[in-house]
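Take a look at the structure set out below.
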Amino acid sequence: APVNVGFYAEYPGSIQIRSNWSFFVGTPLGGGTNIESIVFAPAPGTFSPNGDGVMDVLTIAVNIRFRADLRVEVYDLAGRVVYEKRIAGVVPGRVTGLAWDGARTGGGPATAGLYMVRVSAQTLDGPGRERVVTRPVVLLR
């Protein structure tokens with residue numbers, strides 16, 4: 001079923017971003033999908049971690065239906081993981097925010113370009129399935 005998302009943000013220097021869009025999360029499996037909603041900000045997923053204080057971080061906000069372990073992986077177009085973050089025991093009913101500042105997990109900045117962000121939620125209490133949402137993001141320098 002599609003998830004409708006509204007997003008509004010103000011950044012230093014009076015930059016305002018408004019976005020309303022829908023995306024497909026997935027077909028419910030055995031009682032529903034773990035990932036209820038996911039929002040990338042700035043929308044539609046372009047950010048520039050250049051230190052100017054404007055859109056320097058990609059924020060990923062995830063809301064889940066069941067207690068789960070979350071994992072965020074950022075892949076370059078060659079399929080290599082450039083960033084990974086895990087959060088154990090995320091509680092449903094609260095939005096969990098994750099941020100990527102354009103740095104590689106091993107250190108150093110990722111190069112400008114297109115990346116794929118993969119967010120997975122492995123349920124701990126619910127139907128015991130992993131659900132995955134993958135979205136493209138653009139990193140500008």
Mind putting a number on the dipole of segment 47-100 about its Cα centre? Charges go on the C-beta only, +1 for Lys and Arg and -1 for Asp and Glu, and I need it in Debye to the nearest 20. 400
Name the residue from 96, 106, 74 whose Cα lies farthest towards the positive end of the charge dipole of segment 60-108, charges +1 on Cβ of Lys and Arg and -1 on Cβ of Asp and Glu. 96
Dipole of segment 35-141, Cα-centred, from +1 at each Lys and Arg C-beta and -1 at each Asp and Glu C-beta, to the nearest 20 debye? 260
Cβ-Cβ cut-off under 10 Å around residue 116, Lys and Arg +1, Asp and Glu -1: the net charge is 0
Please turn the phi angles of segment 83-100 into ³J(HN,Hα) values with the Karplus equation 6.51 cos²θ - 1.76 cosθ + 1.60 (θ = phi - 60°), one per residue in order, whole Hz, x for glycine and proline. 8, 9, 9, 10, 10, 8, x, 5, 8, x, x, 10, 7, 9, x, 10, 10, 10
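Read-outs: derived from the displayed coordinates by stated rules, not from any lab. None of these values were measured; they are calculated from a predicted model. Please note: Cβ atoms are built from the backbone with ideal geometry, for glycine as well, and neighbour counts cover all protein chains shown.
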